[in-house]
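Note sheet for the following structure.
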Amino acid sequence: MEMQQVKMESNGMAVASLVLGICGIVLGLIPFIGWFLLPAWILAIVFGAVGLKKGQSKGMCWTGLILGIGTFIYKFGFWILVAIGSSSGSV
């Protein structure tokens with residue numbers, strides 16, 4: 001009897017990217033608490049890119065990647081606009 005080995009392909013990086021991206025965007029909208037998730041945003045971007053390179057689920061990889069980048073831009077963009085607004089205050 002011959003046993004066949006079935007190679008199960010995992011989408012670990014894709015799932016991790018998606019979960020971190022969702023957690024990052026949801027909790028990133030909460031003022032002051034969102035900054036504690038900076039590593040989650042970065043890891044969502046990294047895991048999404050690595051998952052795409054490994055040929056994992058493209059939908060989950062792209063979603064996690066976009067959510068990580070979007071949250072990153074949102075949080076830093078907000079503080080850049082606050083700095084610009086405060087420096088051009090009227091006297």
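The values are calculated or read from the model by the stated rules, or taken from the named source; none is laboratory data. Since the structure is predicted, the reported quantities are computational estimates derived from the model, not experimental observations. Neighbour counts are summed over all protein chains in view; Cβ atoms, including those assigned to glycine, are modelled from backbone coordinates with ideal geometry. To get the accessible areas, we keep the full protein, side chains included, count just its heavy atoms, and leave off ligands, DNA and RNA. Shrake-Rupley method; radii C 1.70, N 1.55, O 1.52, S 1.80 Å.
If you check Val19 against the conditions, is it at pLDDT 90 or above, open to solvent by 50 Å² or more (accessible area, probe 1.4 Å) and within 26 Å of Trp79 (Cα to Cα)?
Answer is yes for this residue.
If you go through the stretch 46-70 and keep only what is modelled with pLDDT of 90 or more and of a type in the set (S, T, N, Q), you end up with just Thr63.
All but one of (1) part of a helix (DSSP H, G or I); (2) surrounded by fewer than 16 Cβ atoms within 10 Å (Cβ to Cβ) hold for Gln4, so report the exception by its number. Unmet for Gln4, out of (1) part of a helix (DSSP H, G or I); (2) surrounded by fewer than 16 Cβ atoms within 10 Å (Cβ to Cβ): (1). Of the residues making up the stretch 35-77, those that are in a helix (DSSP H, G or I), open to solvent by 60 Å² or more (accessible area, probe 1.4 Å) and basic (Lys, Arg) are Lys53, Lys58.
Contact annotation: residue pairs with Cβ atoms under 7 Å, 6 or more positions apart or on different chains, pairing a residue in the stretch 25-54 that is farther than 16 Å from Ile73 by Cα with a partner that is open to solvent by 80 Å² or more (accessible area, probe 1.4 Å) and of a type in the set (Lys, Arg), are Leu52/Lys58.
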